[in-house]
Each structure stands twice: as C-alpha cells, then as structure tokens.
1. Once you treat every alpha carbon in region 78-165 as an equal point and sum by Debye, what is log10 I(q)/I(0) at q = 0.11, 0.16, 0.26 Å⁻¹?
2. Can you work out ³J(HN,Hα) from phi for every residue in region 168-173, in order, using Karplus 6.51 cos²θ - 1.76 cosθ + 1.60 and θ = phi - 60°, giving whole Hz and x for Gly and Pro?
3. Run the accessible area of region 76-175 with a 1.4 Å probe and give the carbon-and-sulfur part as a rounded percent.
4. Label Thr96 and Gln6 with points 7 Å out from Cα along Cα→Cβ: what is the distance between them in nm?
5. So how far apart, in nm, are the two label points at Arg43 and Ala172 if each is 7 Å from Cα heading toward Cβ?
6. Grab every C-alpha pair in region 132-198, bin the distances at 10 angstrom width from 0 up to the longest one, and report whole percents.
7. Have a look at Asn165, Asn143, Asn126 and tell me which one the Gaussian network model of the chain (Cα, springs below 10 Å) gives the largest fluctuation.
8. When ranked by the protection proxy of mean other Cβ atoms within 10 Å per residue, highest first, what sequence do the peptides 18-29, 129-140, 41-52 form?
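The values are calculated or read from the model by the stated rules, or taken from the named source; none is laboratory data. What you are looking at is a predicted structure, and each value in this text was computed from that prediction instead of being measured. As a convention, Cβ positions derive from the backbone with ideal geometry for all residues, glycine included, and neighbour counts pool all protein chains shown. Accessible surface areas use protein heavy atoms only, side chains included; no ligands, DNA or RNA. Shrake-Rupley method; radii C 1.70, N 1.55, O 1.52, S 1.80 Å.
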Amino acid sequence: MKISGQLRDLIEEQIATGELAPGSTLDEATLVERHGVSRTPVREALIQLSAEGLIELRPRRGAVVASIGPAKLIEMFEVMSELEAMCGRLAARRMTDKERADLVRAHQACERARADSDPEAYYLCNERFHFALYEGSHNGFLNEQAQSLNRRLRPYRRLQLRVRNRMNTSYAEHDAIVHAVLAGDAEAAATALRAHVVVQGERFGDLLASLAELAPAVP
C-alpha cells in the first residue's frame, strides 16, 4: 500500500476512535513532522479522506475533521439501515456455505466480546459481522456504498455500543439476523437489519446524549 494510503487509514482510525474529534484541525506541517513523510502523501491522504466525507478541506483554513449535525446524522443512519437491509436480503439468497460459516464465526466473536463486557472488542467484531453481510450480498457496488457510509458513521456506531445494555441488545439483534440468513429468509433478514441499524425512539435520545463525547477539546 502507498504511504498516502497507510496515512489515510491511520487518520481514519483516529477519527473512528475519537482520538481526532469532529472539528479538530489537521495541520499539514504537523502531520509531515509526526509521521516523517513528505507533504505529497499527506496531501493525497487528506484528499482521499475528504472524498470519503470524513474531513473537510477549507480554503486558507486547512483540513478539519467533519462534524455531522443531529439531523444529518439521523438521515445517514436511515440510509445505512436501507443499504444494510438490502445487503441482508441478498445475502440470505446468495451467501455461499463458506460465507455463512464466516458470518457465524463473526457472530460468535461478538458473543465473546459481549461476555467480556468489552465494547471496543465488540465493535471490531461487529464490523466484521456487518462486512460479512456486505460481501455476502454478491453485489460489488452495494458493498462499496455500504462500506463507504459505514466508514463515515464509525465514530457514532462505536459510541452507540457504550450505552448501557446496548451490546446485549445488539447481540440479540445479530442472532435474529443470523437465523434469518441461514434460513434463507430474505425478507426477515432485511427487516431485522433495518431495525438493527436505524436510529429511532430511545436509541435516538441515547445517541444525542453521547454526541458530547465527540466534541473537540478546544474550539
């Protein structure tokens, strides 16, 4: 992988974990010094992150980690829920035996993380679970779009898992998804995934309450 790609992945991970909060400034010179690279790969990485919607490139102000308001965030989760529902519908019809086995293994890994009350480990296993469904759709364009929006929502999906009892609820929802996919019930899989991802009711209030954690330390 090119240096710019490695740097993009590193900054993306820092945004996802909250190390780089929304509104944080990404200074080119600082990144060059910190990572020991030239300006060219830094600029390439920032352009890639901007194309993904994770940062904003502002004239004369440099790069800033993108901030998403509550209204837009809900809209994004609505779209995410429909993309994942489509993935689930197609995966229930198209997954190979190996892909179904991979999905079950990801589900079992989520169970271990849930039993250990480890939200960070659960998040990583949860991502594997969802990516297995994207791959299992056997629709390359849908897979790309789902992964792209998933990346933009990573900090917020990670936050959701810190809400009390959310891991237990998430695991139970995963269980329903797995059963539907293994049974080849496309509509049940789509319905279960839509309900799992969409943010509404109490989950909406919990997410709004958690957004303060992503506020930058300085304006």
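1. Summing over Cα pairs of region 78-165 leads to -0.31, -0.64, -1.27.
2. Calculated HN-Hα couplings, in order: 5, 5, 4, 5, 4, 5 Hz.
3. For region 76-175, the apolar C and S fraction of the accessible surface comes to 48 percent.
4. Computed distance between label sites Thr96 and Gln6 equals 3.2 nm.
5. Here the answer is 5.4 nm between the modelled labels.
6. Taking every Cα pair in region 132-198, the percentages come to 19, 47, 32, 2.
7. Asn165
8. Details: 18-29: 15.8, 129-140: 20.5, 41-52: 18.7.
Descending packing order for the listed peptides: 129-140, 41-52, 18-29.
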